1. Checking the conditions here, which among 284, 244, 260, 228 is over 24 Å from residue 319 (Cβ atoms) and surrounded by 14 or more Cβ atoms within 10 Å (Cβ to Cβ)?
2. Pull up the stretch 176-226, narrow it to residues that are assigned to a strand (DSSP E or B) and of a type in the set (Gly, Ala, Ser), then point me to the one that is modelled with the highest pLDDT.
3. Please tell me if residue 236 is surrounded by 13 or more Cβ atoms within 10 Å (Cβ to Cβ) and touching a residue at least 40 places away in the same chain (Cβ under 8 Å).
4. Residue check: is residue 157 out of contact with any helix residue (DSSP H, G or I) (no Cβ under 9 Å at 6 or more places or on another chain) and either modelled with pLDDT of 90 or more or surrounded by 11 or more Cβ atoms within 10 Å (Cβ to Cβ) (or both)?
5. Considering only the stretch 110-175, give the strands (runs of 3 or more DSSP E) lying wholly within it that have at least 1 residues that are basic (Lys, Arg), closer than 21 Å to residue 72 by Cα and in the same structural domain as residue 71 (by TED's automatic domain parsing).
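The values are calculated or read from the model by the stated rules, or taken from the named source; none is laboratory data. Fair warning: this is a prediction, and the values are worked out from it, not measured in the lab. Note that each Cβ is placed from the backbone with ideal geometry, even for glycine, and that neighbours are counted across all protein chains shown.
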Amino acid sequence: MTRKYFLVVVSAFVLALSTPFHALGQESSPRPDSPTPVTPTTTPPSSPAGVPSPDAPSAALRDLLAAACAHDEPSFEKFLTARNAQSFARLTPAARTELMKRFVLLDGAGKPTLSSNPSGRPDIRCTTADGAADIQLGGVELHDNIALLPLDIRDVSELGGGDPHHILMGMVRENSSWKILSLGMLFLDLPSLEVEWDQASIGGNERNALNDLKTIARAIENYRLTYSRLPGSLAKLGHTAKTSAEAAGLLDADLVAGKSNGYLFRMVIAGANEIGAPAQYELSATPATYGRTGKLSFYRDTKGILHAADHQGGVGHSIDPVIE
């Protein structure tokens, strides 16, 4: 399930990056014979009075995006790492153009217009013959020689524009200059991934919890047949070197502990009577962390009927819907 989940995420992500605002299947507008030249600068243009100049990684990314907008290969290549620059030079002209398109999500070569927002962060408008896009850079997150910069690309070809594409860019400092490291990145953000993985596994956890509840019930019934009474707790169903009424060897350690697959299990003897066949018991299974490890609460009543409902993490009840 985890592998499938990641393939879906990555496929959707690549598709978003590789599809311009105007579908590539349509005929592209004619490109200017001489694209508007862009001269990247290590010192950003002067900002309006009172507005700070962009930091070096932001200025580099701004100039790279401007070069990509104009399909200005020499300027664009200056912001590639040495290894990538060698590969870029070996690409066909069409392939080099396709790569630059991905940075602005537009088809034709355009004219970049640079400006700054009140915080001094760069804004770029790329205007082509058949559309336009606004690119806004967010604040840089600097880690030694790595800089992470979020940006929003919005189609402004029509009145009102569309929803922005949110992309995280990576820059790396190479020979005292900032170079592009990634066009959109999947970073190892374990707190976020933990929540996503939990959400993706809720259905499986719930199915396993129901099966575990049935397993516990079978173990209890086997204990009753062997010792003519109910176990006083799940602990008496566990394994030790010698099988006895105190350790019947009927359940694995996790279920004996009452916790498995993101669920908590509890046994209650009804009427405080564990003697003989008439003795009754109830079983419950509740999410260890509601909304992350599961949502349904399962309940086995004294008649052996299984129920399930969403109790926001609370214990189920015999009035809940019956399940098989």
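1. Values: 284 fails: over 24 Å from residue 319 (Cβ atoms); 244 fails: surrounded by 14 or more Cβ atoms within 10 Å (Cβ to Cβ); 228 fails: surrounded by 14 or more Cβ atoms within 10 Å (Cβ to Cβ).
One residue alone meets the criteria, 260.
2. Taking the candidates together, the pick is 177.
3. Judged against the criteria, residue 236 is not a match.
4. yes
5. 111-116, 122-128
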